[in-house]
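Only one structure is covered here, and it is reproduced in the block below.
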Amino acid sequence: MTLLTRFTDPHAVDLWDSRFRWRSGDRLCDRTIDATWQRVAQALAATEGNGGAYWCSRYAFAFGSWQILPDPRLLRYAGTDTPVPPLNEPQAVVNAGVFVSDPHTRQARFDHKRFGAAAALAVRMLDDAAMAYGPGDDQPLRLCIGMIGVGDALDRLGLAYTSGRSPAVAQAIARSLAFGCLHGALQLAEERGSPAGGVGLAGLWMYRGLPASLAEAAARNLRYESLTRVESHPELACLANGASDALEPARTAETTALEREGSGLQLAARAIRAAVQPWIDAPVCVSTGARGAVQAVG
C-alpha cells in the first residue's frame, strides 16, 4: 500500500483514532490512516466488478490526498465487522482548499479542472455506496456532495474572506462542483441505467445555462434526483487537518479579529452563501462554530 496521507493537525489524529479507526475487540485493525482509506475504498469498489482494483486505487488516492472525504458512516463501518447503516442519502465532501496551486503567491490559482474531476469521482463513489449500502428500492438517488475548505481556498488565493471578490470566486468553485458532479452523473447513468420513474436533474439545471447537448442528456438522466448539498460537516473538516467547514472562513488572524469585533464577517458569509446557492441543488445550510466543538471533543 502506498502511504500518501500526511497529518498536520493533532486534532485530526485524535479524531481519526477515536471515531474512525477500526478496532475489533482488543485487536487494532486500522494500523494507519491509510489502512482506513484502503478499507473503505475496497468496500466501495467491490461493486465495480472487474474494474474494482482501479476504482479502489482512485478512491484511496483521493482520500489520502484530502481531496474527497467520504460519509462518516462509511469511514466508521465500511469493510468492518459492523454493518453500515442504510444510506438513504449518502454524503461526501470535496476539499476545495487542496486545489489551489502555488498558494500564498502571486501565481496562486484554483485548479477548476482537477476539482471538477474530483467531484465526478465523488459521484461514482457515492453511487457505489448506494449500491452496496442503500435501501435497494430502485428509486432515484439523492446524493449529498458538498464542500469543505472554501475559506481555505480563498485564503490561499490571497483573498480576504470579506473581500468584494470572494463571493465571485466561491461561486466559480461551486459551479465547478456542479458541473463535475453532473458529468459524473451522466456517465454513470449511461453505464448503469436509470429507474423507471423520477423527475431527474433537468429541473435543477433549468436556469444554469447548460449547453444543448448536456441539457438533453440531463433531461434523460433519471438515475439521480439531486447531487449537491452544502452543509456543515465538522467531523470531516476536522479530520482533513482542520479544514474550514463548508463555506466558513479559514482560521486566520484576520478572521479571528473580525469574530471578536463582531464586524463584517457575517455579512461576508451571507454574500458568499448567496453567490454559491444557484449552483447547489439543496438549500445551503451551514452553522458557525461547529469545528471548535468537534476539536474540543477530539
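The mean sequence distance of close C-alpha pairs (under 8 Å, at least 6 residues apart), as a share of the length of the range 1-147, puts its relative contact order at 23 percent.
Can you show me the helix-derived [θ] at 222 nm for the chain, built from DSSP H runs with n ≥ 4 at -39,500 (n - 2.57) apiece and divided by the number of residues, rounded to the nearest 500.
-14000 deg cm²/dmol
Take the Cβ-Cβ distance between ALA168 and LEU214 as r, set R0 to 41 Å, and report the resulting FRET efficiency rounded to the nearest 0.05. FRET efficiency, ALA168 to LEU214: 0.95.
Could you check how much of the accessible area of the range 1-124 is carbon and sulfur, as a whole percent, using a 1.4 Å probe?
Of the solvent-accessible surface of the range 1-124, carbon and sulfur hold 49 percent.
Each residue was assigned an accessible area with a 1.4 Å probe, and for GLU231 the value is about 40 Å². Heavy-atom surface analysis with a 1.4 Å probe gives the range 167-241 a carbon and sulfur content of 54 percent of its accessible area. Taking a cut-off of 12 Å, what percent of all Cα-Cα pairs in the range 35-80 are separated by more than that? Cα-Cα pairs in the range 35-80 separated by more than 12 Å: 55 percent.
The Cα center of the range 183-238 and the Cα center of the range 72-99 differ in position by 20 Å. Quick one: grab the alpha carbon gyration tensor of the range 1-134, order the square roots of its eigenvalues as a ≥ b ≥ c, and give me rounded if a/c is under 1.5, else prolate or oblate depending on whether a/b is larger than b/c. Oblate is the answer for the range 1-134, as a/c is 1.5 or above yet b/c matches or exceeds a/b.
What the Cα convex hull of the range 115-171 gives, in volume per residue, is 99 Å³.
Placing a label point 7 Å from the Cα of ALA202 along the Cα-to-Cβ direction, the residues of the range 220-247 whose backbone N falls under 19 Å from that point are 220-227. Estimated at the nearest 10 Å², the accessible area of HIS104 is 120 Å² with a 1.4 Å probe. Charged side chains reduced to their Cβ positions (Lys and Arg at +1, Asp and Glu at -1) give the chain a dipole of some 460 debye around its Cα centre. The equivalent ellipsoid that matches the C-alpha gyration tensor of the range 97-148 spans semi-axes of 33, 8, 8 angstrom, in descending order.
3J(HN,Hα) along the range 13-18: 4, 4, 5, 4, 5, 8 Hz, from the Karplus curve 6.51 cos²θ - 1.76 cosθ + 1.60 with θ = phi - 60°, whole Hz, x for Gly and Pro.
Loop by DSSP (not H, G, I, E, B), at most 15 other beta-carbon atoms within 10 Å: where is the longest site-free stretch of the chain for trypsin sites (Lys or Arg not before Pro)?
For trypsin sites (Lys or Arg not before Pro) (loop position, at most 15 other Cβ atoms within 10 Å), the longest site-free span of the chain is 209-298.
Considering only ALA160, PHE7, ALA218, and ranking their Cα positions along the charge dipole of the chain that arises from unit charges at the beta-carbon of Lys, Arg, Asp and Glu, the one farthest toward the positive end is ALA160. Among the protein heavy atoms, those of THR228 account for about 10 Å² of accessible surface (1.4 Å probe, every chain in place).
Placing +1 on each Lys and Arg Cβ and -1 on each Asp and Glu Cβ, with no other charges, gives the range 202-242 a dipole about its Cα centre of roughly 160 debye. The accessible-area ordering, largest first, of the residues MET147, MET206, MET131 stands as MET206, MET131, MET147, per a 1.4 angstrom probe. Classify the chain: rounded, prolate or oblate, from the alpha-carbon gyration tensor (a ≥ b ≥ c, eigenvalue square roots; a/c under 1.5 rounded; otherwise prolate if a/b is larger than b/c)? Oblate is the answer for the chain, as a/c is 1.5 or above yet b/c matches or exceeds a/b.
The values are calculated or read from the model by the stated rules, or taken from the named source; none is laboratory data. Predicted model, so just to flag it, every value in this text is computed and none were measured. Cβ coordinates were reconstructed from backbone atoms using ideal geometry, including for glycine residues, and neighbour counts include every protein chain displayed. Accessible surface areas use protein heavy atoms only, side chains included; no ligands, DNA or RNA. Shrake-Rupley method; radii C 1.70, N 1.55, O 1.52, S 1.80 Å.
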